[in-house]
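Encoded as C-alpha cells, the structure appears first; notes follow it.
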Amino acid sequence: RQAMASLATSTAAAAAAEVTHLSQRDAADIDEQLMGPLGFSVDQLMELAGLSVATAVAEVYKLSEHTRVLIICGPGNNGGDGLVAARHLYHFGYKPFVCYPKRTAKPLYSGLVTQLESLAIPFVPVEDLPQDLSGQYDIVIDAMFGFSFHGTPRPPFDDLIQMLVSLSVVGDSAKRPPIVSVDIPSGWHVEEGDVSGGGIKPDMLVSLTAPKLCAKKFTGPHHFLGGRFVPPPISSKYGLELPPYPGTSMCVRIGKVPSVDISSLRENYISPELLENQVMPNPFDQFRSWFDEAVTAGLREPNAMALTTVNKAGKPSSRMVLLKGVDKQGFVWVHKLR
C-alpha cells in the first residue's frame, strides 16, 4: 500500500509539473490568436469558460451540501465568465445570486444579464451583502478580475476583495463557504501571485485555457483546468502541455489530489419508507423498478451484484459479477470460469 501511495503521489506531482503555465503576454497572445485567425468569438469563448467553471464547481461542491452560490462579477471578461457560470449553475440545480456592481453596457454583457433575469436569478447590490457571507451563501465565486487586470482595484472591488480575504482566513473551513476563483484570484499579480501575502486564498482555482504563472503559488485543495477548446495550432505554437479531459467533461483536475479523511466519509441515505402493501406482487417487477431508479440516479455500474453459492460441503463462496439480463425466468449474469 505504501508503494501504491508513493506511486500515486509521484504521478500527481509529475502531472502537475508537465502542465504549461502561461505568462501574461502569452495568455493575451493566445486570446488574440483564438479570436483572430482561428475564428472564435469572444462570446463563444466566454460561454465555454463559464460552463467550465460551473462544471468544476459541481464536480467538487455537491448540490446536496452547497446550494446557495454567490457570484461576484467584475466589469470585464472575467465577470462575463461569472455571469455565464451563474446561468449554468442554475440549470444544474443550484441557487445562484449575482453581485455585479459595475455593469458593462456592451450588448454581450447586457444579453447575459437579461438571460439571468429571465431565470429570476437575484442580483444583489454591494450594500446589501452581509459583512460575513457565511450565513447566507454556501459557495462564493470570485469572478472580478482576470489575467489582463493590472493596478490597484478601485471601489467597490477593493472592499469586495477584502471581504473575501476576511472570509478566506477563517480558521475552520467547514464553517465558511469555500471561495472559487476564476482563472486568477482577484488582486493577485498574474505572474507573481499574491505578492503582499494578504490576498484572497481561494479553496478552488479554475484556470482557463492553461494555468497562468501565478497558479504555481496556489495552495488550495482544488485546482481545475477548464476550456476544452484549445486547437492544435495553439498547442504547437506555444508548446502547451495540457492534460487530457476525462470523458465528456469540460474540466479536468490538475495538481495534487486532496487527502481525504476516510472516517468522515458518509452518505445520507434518506428515501421514502417501504411499506409491505406498496410492494409489487411480482419480485422481478419490483427489482426492475428499483434498478430503473438506480440507473436514473446515475450510480456507477448499477448492474454490479454479489453472487453467493455454496459447495456440497455447505461452504459459501462470493464473487462480484455483472447483471446482463432479467426477466420472469430469473437473472442472467457474466461469470468468468477459473
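The values are calculated or read from the model by the stated rules, or taken from the named source; none is laboratory data. Since the structure is predicted, the reported quantities are computational estimates derived from the model, not experimental observations. For neighbour counting, all protein chains shown are included, and Cβ atoms are generated from backbone atoms with ideal geometry for every residue, glycine included. Calculation scope for accessible area: heavy atoms of the full protein, side chains included, ligands and nucleic acids excluded. Shrake-Rupley method; radii C 1.70, N 1.55, O 1.52, S 1.80 Å.
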*May I ask you to say which residue of V206, V180, V169, V195 is loosely packed, with under 12 Cβ neighbours inside 10 Å, in the same structural domain as L51 (by the TED database) and either of a type outside the set (K, R) or on the phi > 0 side of the Ramachandran plot (or both)?*
V169
_Pair list, Cβ < 6 Å and 6+ apart or interchain, from the range 211-230 residues that are more than 16 Å from G50 (Cα to Cα) to residues that are hydrophobic (A, V, I, L, M, F, W, C) and assigned to a loop (DSSP other than H, G, I, E, B)_ = K212/F147; K212/V190; C214/W188; C214/V190
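Can you find a residue that is surrounded by 13 or more Cβ atoms within 10 Å (Cβ to Cβ) and within 21 Å of G227 (Cβ to Cβ) anywhere in the range 126-141?
At the first step, the residues of the range 126-141 found to be surrounded by 13 or more Cβ atoms within 10 Å (Cβ to Cβ) are 126, 129, 133-134, 136-141.
Filter again for within 21 Å of G227 (Cβ to Cβ), leaving 139, 141.
The answer is yes; a qualifying residue exists.
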*Among what's in the range 97-111 and is touching a helix residue (DSSP H, G or I) at 6+ places or on another chain (Cβ under 6 Å) and open to solvent by 30 Å² or more (accessible area, probe 1.4 Å), pick the residue that is nearest to H150 (Cα to Cα).*
P101
_Return the residues of the range 129-152 that are over 13 Å from L164 (Cβ atoms) and of a type in the set (S, T, Y); say none if nothing qualifies._
S148, T152
_Which numbered condition V206 fails, given (1) out of contact with any Lys or Arg (no Cβ under 9 Å at 6 or more places or on another chain); (2) outside any strand (DSSP E or B)_ = (2)
_Contacts under 9 angstrom Cβ, first residue in the range 88-114 being at positive phi, partner surrounded by fewer than 19 Cβ atoms within 10 Å (Cβ to Cβ), 6 or more apart_ = G93/A58; G93/L63; G93/T67
*In the set V140, V124, V42, V84, which member is touching a residue at least 40 places away in the same chain (Cβ under 8 Å) and closer than 30 Å to P232 by Cα?*
V42
*Which pairs do you get when a residue that is without any contact (Cβ under 8 Å) to a residue 24 or more places away in the chain, found in the range 310-325, comes within reach of a residue that is surrounded by fewer than 10 Cβ atoms within 10 Å (Cβ to Cβ) and not in a strand (DSSP E or B), reach meaning Cβ atoms under 8 angstrom, with the pair 6+ apart or on two chains?*
S317/N311
*Give the range 37-96 a look and list any residue that's under 13 Å from the mean Cα position of the chain (by Cα) and open to solvent by 50 Å² or more (accessible area, probe 1.4 Å), or say none.*
E59, K62, L63, F92
